[in-house]
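What follows is calculated from the coordinates using simple rules that are stated; it is not laboratory data. Predicted model, so just to flag it, every value in this text is computed and none were measured. Here the Cβ positions follow ideal geometry from the backbone for every residue, glycine too, while neighbour counts run over all protein chains shown.
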Amino acid sequence: MAIDSSATRERLAQIDNIIERYRAVKQQRLLRLAMRLWRRAEAQQWLVTLEAPILQVKDVKTGESTGYGATYTFDRDSRIAVIGLGYADGFFRSLSGMNNHPGGKIAVRGRILPVVGRVSMDQVTVDITDLGGELPLPGEMVEILGPNISIDDQADACGTIGYEILTALKGRYQRRYVDGPAETPQGA
């Protein structure tokens, strides 16, 4: 059986064309990604600062767990901070930190640290072991959104967009507008 060389050349040309189109699409996707990252880097001025208080600082031992359902088990002696913030405040449950799935981030004294355990209605725990030195105290405020953690950072961590993060913020926060009066929380 003879191979038709014109048919073979035509098929190879089709394959080359498919490969070139694939490369062009891949380059376009990479260019779009680079443009999004560039726009995010340019928009580093933050629109919102969201802070929440530390309620408790606690030492935990290797093998102990935190979060409903013991969703995070410590693999080293650690120190955690319990933060007065939860899904009732608009902090997404998908930001829960599990052993098999990293969660969201919270900045304590400017250092970005991991959420560990399940986000509950009114509380979230953060591993502050790597802070070392002087312990943060109950009442100290931590950054949820601001100069260290952007709206897009939190949105990426929970698989959504920044607008959903902003619209999820509930009325329990005190709002202060730049060059404007403070607004009291609803129901206070």
Please report how far the C-alpha centroid of segment 94-113 lies from that of segment 144-160, rounded to the nearest whole angstrom. 11 Å
Asp152 to Leu166: extension gain in nm, 0.36 nm per residue of separation minus the Cα-Cα distance? 4.0 nm
Vicinal HN-Hα couplings computed from phi for segment 107-123 (Karplus, 6.51 cos²θ - 1.76 cosθ + 1.60; Hz; Gly/Pro x): 9, 10, 6, x, 9, 7, 10, x, 6, 10, x, 6, 6, 9, 4, 10, 8
Which log10 I(q)/I(0) values, to two decimals, does segment 56-188 give at q = 0.18 Å⁻¹ under the Debye formula with one point per Cα? -1.03
Other-chain or far-sequence residues with amide H under 5 Å of Glu140's (modelled H): Ile54
Taking H as built 1.01 Å from N, whose amide H comes closer than 5 Å to the amide H of Val124, not counting residues under 5 places away? Ile83, Leu85
Do any trypsin sites (Lys or Arg not before Pro) in segment 69-153 lie in a loop, going by DSSP, with at most 12 other beta-carbon atoms within 10 Å of their beta carbon, and if so which? Arg76
Between Thr62 and Tyr177, what is the FRET efficiency for a Förster distance of 45 Å, r being their Cβ-Cβ separation, to the nearest 0.05? 0.45
Just want to confirm a number: the relative contact order over segment 50-175, from Cα pairs under 8 angstrom separated by 6+ residues, in percent. 29 percent
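Can you pull out the GluC sites (Glu not before Pro) in segment 87-175 that DSSP calls coil and that have at most 11 other Cβ atoms within 10 Å?
Sites meeting the loop and neighbour criteria: Glu134.
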